[in-house]
Amino acid sequence: MFIGHFAPALIVATRPKAAGLGTLFVAAQLIDIGFAALLIPGIEAMRIVPGITAMNPMDLYQMPYTHSLLGALLWAAGFGLLVQFATKRREAAIGAALVVVSHWLLDLFVHIPDLTLSGGPPKLGLGLWNHPLVEMPLEILLTFGALLYYARRTRAHSSNLRLWILAVLLALVQAIDWFGPKEPVYSLAIPATMLAAYAVLAAAAAWTGANRRPADG
Ligand SMILES: [Zn+2]
C-alpha cells in the first residue's frame, strides 16, 4: 500500500472544518515518515530479501514504534494535538488523528505478518502483497475513488488543473514504486527516497487543497 494511504486523507479533507489537504497527506503517511526517520539512526530496521513478497522485497522485521497498533495510536494522538494547537478546531484534530491510524489498518491488509499490536509478537498482516492481481486494482480503486469523491465534494477557486496534476503525480509515484528499479540492498537511500517522495506529495496536496473549498460551504 502506497498511494492508497492517501484515500482517507482525501475523504476527510471534504469535511468543512477539516485540516488542510497537505496536513492530511502528512497524516496519511506519518507512520511511514516516522519509520523512515527511525531507520536512519537504526532504531527501527528493515532489510532487502528478494522474493519475500510477490510485489516487493522488503523484510520489515523491526518497526515496534511506528507499525504497532499502540505506536500508531500514540503518533495519532501526538499529531492530533499538533493540529488542535495549529487550527483550534477539534474536528480538524480528530479527523487528522483518524487518518494517521488508518495507515496501520490499511497496512494490515497488504503487509505479510510484520505488524504488531504493541511491539512484540504476535505479528500480523493479511499479505495482499503476495496477490498483485488483488492488491493493485484495489489500491487504484481506493485512491482514484477517493480522488473522485474529493473532486465532487469540493470546488476549485479557479480551474481543476491542480487536482489533475496531483492525480497524475500519484499515478506516477505508484508506477515507479511498482515497476521502477528496486534497491538490491538496504541503504540510507531507501529512507531518503521515502522522505523525499512524501514531502513532494504533501506539498502538491497542500498546493491543490489551497485552491479548493467544500462544495456546500
Ligand atoms: Zn506503513
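Here is how the numbers come out for the structure above:
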| quantity | calculated |
| --- | --- |
| Single residue of segment 185-199 satisfying the filter (free of Cβ contacts under 8 Å to residues at least 60 places away in the same chain and farther than 18 Å from residue 34 by Cβ) that is nearest to the chain's Cα centre (by Cα) | 189 |
| Residues that are more than 10 Å from residue 19 (Cβ to Cβ), assigned to a helix (DSSP H, G or I) and open to solvent by less than 60 Å² (accessible area, probe 1.4 Å), drawn from segment 98-122 | 100, 101, 102, 103, 104, 106, 107, 108, 110 |
| In segment 23-46, the residues that are open to solvent by 10 Å² or more (accessible area, probe 1.4 Å) and more than 14 Å from the ligand (Cβ to nearest atom) | 23, 40, 41, 42, 43, 45 |
| Only one of 196, 171, 175 that is more than 24 Å from residue 134 (Cα to Cα) and either part of a helix (DSSP H, G or I) or open to solvent by 40 Å² or more (accessible area, probe 1.4 Å) (or both) | 196 |
| Test: residue in segment 75-91 that is open to solvent by less than 50 Å² (accessible area, probe 1.4 Å) and within 21 Å of residue 186 (Cβ to Cβ) | no |
| Residue satisfying all of: in segment 51-72; of a type outside the set (Gly, Ala, Ser) and touching a strand residue (DSSP E or B) at 6+ places or on another chain (Cβ under 6 Å); nearest to the ligand (Cβ to nearest atom) among these | 67 |
| Top-ranked residue in segment 73-110 [being of a type in the set (Phe, Trp, Tyr) and in contact (Cβ under 8 Å) with a residue 12 or more places away in the chain; ranked as nearest to the ligand (Cβ to nearest atom)] | 104 |
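Residue-by-condition table, conditions (1) farther than 19 Å from residue 5 by Cα; (2) in a helix (DSSP H, G or I); (3) of a type in the set (A, V, I, L, M, F, W, C):
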{"residue": "134", "(1), (2), (3)": "no, yes, yes"}
{"residue": "140", "(1), (2), (3)": "no, yes, yes"}
{"residue": "150", "(1), (2), (3)": "no, yes, no"}
{"residue": "158", "(1), (2), (3)": "yes, no, no"}
{"residue": "185", "(1), (2), (3)": "yes, no, yes"}
{"residue": "191", "(1), (2), (3)": "no, yes, no"}
{"residue": "203", "(1), (2), (3)": "no, yes, yes"}
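Yes or no, residue by residue, for (1) surrounded by 13 or more Cβ atoms within 10 Å (Cβ to Cβ); (2) over 20 Å from residue 33 (Cβ atoms):
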residue	(1), (2)
132	yes, yes
137	no, yes
140	yes, yes
144	yes, yes
149	yes, yes
183	no, no
202	yes, no
212	yes, yes
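One line per residue, one yes/no per condition, for (1) touching a residue at least 60 places away in the same chain (Cβ under 8 Å); (2) in contact with a helix residue (DSSP H, G or I) (Cβ under 7 Å, 6 or more places away or on another chain); (3) closer than 23 Å to residue 113 by Cα:
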site	(1), (2), (3)
13	yes, yes, no
18	yes, yes, no
23	yes, yes, no
26	yes, yes, no
31	yes, yes, yes
38	no, no, yes
56	yes, yes, yes
59	no, no, yes
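The values are calculated or read from the model by the stated rules, or taken from the named source; none is laboratory data. It should be emphasised that the depicted structure is a prediction, and the values quoted were computed from it without experimental measurement. Methodologically, a virtual Cβ is constructed for each residue, glycine included, from the backbone with ideal geometry; neighbour enumeration extends over all protein chains shown. Calculation scope for accessible area: heavy atoms of the full protein, side chains included, ligands and nucleic acids excluded. Shrake-Rupley method; radii C 1.70, N 1.55, O 1.52, S 1.80 Å.
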